[in-house]
Amino acid sequence: MLTEAQQSKWHQDGYLRLEGFFDPATRDKISRYVEEVARWNVSSDKWMLWFEKTSDSRKIISKAENFLDYHGPLREALLADGRIRIAVETLLNEKTRMLKELLIFKYPDSGGYRPHQDIYHVPHRIPDRMGSRNCIHRRGRLRPG
């Protein structure tokens, strides 16, 4: 699934951008399903939704967690063929399991979060170049500072 060049890029840079990872029809379905999740009401015992305020104090969604158990079509589109798991296991060279699912919404007028890596969630060793200390945002990427 991943070429030798893509795997080398991952090992060299610590990240990989995969154009066309999903075919256009699947990508459109995923986008539509994610928009559905973004419109869900807050739940006290199922999914978790996080919000932030815009510069003009409007409340907008910023994150959604624990949603796959409640949206079968999105779970199917993302996970059924195993492509995400296969790609991750190939890059990490080890078996994996899903810890949690998270959607992050980035709107033009959102407050956002400081760039960071959730390193404490990852049980394997992340390359030193992916360290989170003193990371700064530069052209939409994190870089060690």
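List of remarks:
- Close pairs from the stretch 67-88: first open to solvent by 70 Å² or more (accessible area, probe 1.4 Å), partner of a type in the set (Asp, Glu) and modelled with pLDDT of 95 or more, Cβ under 6 Å, at least 6 apart: none
- Flag for ARG133 being at pLDDT below 95, under 19 Å from the mean Cα position of the chain (by Cα) and surrounded by fewer than 14 Cβ atoms within 10 Å (Cβ to Cβ): no
- Scanning the stretch 22-57 for residues that are among the aromatic types (Phe, Trp, Tyr) and either open to solvent by less than 60 Å² (accessible area, probe 1.4 Å) or at pLDDT 95 or above (or both) yields a total of 4.
- So GLU19, is it at pLDDT below 95 and surrounded by 14 or more Cβ atoms within 10 Å (Cβ to Cβ): no
- Flag if LYS95 is open to solvent by 50 Å² or more (accessible area, probe 1.4 Å), more than 30 Å from THR3 (Cα to Cα) and of a type outside the set (Val, Ile, Thr): no
- Any hit, the stretch 48-55, residues being closer than 29 Å to GLY72 by Cα, hydrophobic (A, V, I, L, M, F, W, C) and touching a residue at least 24 places away in the same chain (Cβ under 8 Å): no
The values are calculated or read from the model by the stated rules, or taken from the named source; none is laboratory data. These numbers come from a predicted model, not from an experiment. Counting neighbours? That spans all protein chains shown, and the Cβs are built from the backbone with ideal geometry, glycine included. Ligands, DNA and RNA are excluded from the accessible area calculation, which covers all protein heavy atoms including side chains. Shrake-Rupley method; radii C 1.70, N 1.55, O 1.52, S 1.80 Å.
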